[in-house]
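**Student:** The structure that follows is given in the form of structure tokens.
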Amino acid sequence: MSSDTQHDTKDTVFIGKKPIMAYVTSALIQLANNPKVSIKARGLSIGRAVDVAQIIARRTDSSGYSIGQIKIGSEQLQSLDGRSRNVSTIEIEVTKNA
């Protein structure tokens with residue numbers, strides 16, 4: 001793993017099945033030390049990622065966070081039965097306003 005890759009994962013929050021506020025808290029902690037954080041999700045977790053970004057941007061208006069670039073795409077994954085399938089992905093950038 002290169003140092004670039006390590007830096008990228010340091011300011012990234014990967015969304016899974018935990019409660020939404022766990023990811024909001026994690027992202028806010030990252031934003032305390034970094035000017036931006038990426039919220040990444042794929043498949044069924046995409047809606048949760050959008051919720052996390054919206055909570056940070058809307059509920060912390062006075063703190064000055066906003067949603068930046070949003071990237072969508074798909075990845076090809078191997079399912080348990082051996083077939084390959086496409087899974088949607090999203091990356092939402094949340095930035096600290098100057």
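The values are calculated or read from the model by the stated rules, or taken from the named source; none is laboratory data. Everything numeric here is computed off the predicted structure, so don't read it as measured data. Note that each Cβ is placed from the backbone with ideal geometry, even for glycine, and that neighbours are counted across all protein chains shown.
**Student:** Scan segment 33-42 and tell me whether some residue there is surrounded by fewer than 14 Cβ atoms within 10 Å (Cβ to Cβ) and assigned to a helix (DSSP H, G or I).
**Tutor:** The answer is yes; a qualifying residue exists.
**Student:** Continuing with the same structure: Do we have Ser26 as surrounded by 15 or more Cβ atoms within 10 Å (Cβ to Cβ), more than 8 Å from the chain's Cα centre (by Cα) and either without any contact (Cβ under 8 Å) to a residue 24 or more places away in the chain or on the phi > 0 side of the Ramachandran plot (or both) here?
**Tutor:** Yes, satisfied.
**Student:** Quick one: which residue in Gln69, Gln76 is loosely packed, with under 10 Cβ neighbours inside 10 Å and either in contact (Cβ under 8 Å) with a residue 24 or more places away in the chain or in a strand (DSSP E or B) (or both)?
**Tutor:** Criteria check complete, one pass: Gln76.
**Student:** Anything in segment 79-98 that is in contact (Cβ under 8 Å) with a residue 24 or more places away in the chain and of a type in the set (Lys, Arg)? List them, or say none.
**Tutor:** Once the filter is applied, which keeps residues that are in contact (Cβ under 8 Å) with a residue 24 or more places away in the chain and of a type in the set (Lys, Arg), segment 79-98 yields only Lys96.
**Student:** Can you pull out every residue in segment 53-93 that is in contact with a Phe, Trp or Tyr (Cβ under 7 Å, 6 or more places away or on another chain) and either farther than 22 Å from Lys17 by Cβ or at pLDDT 95 or above (or both)?
**Tutor:** Passing the criteria: only Ala57.
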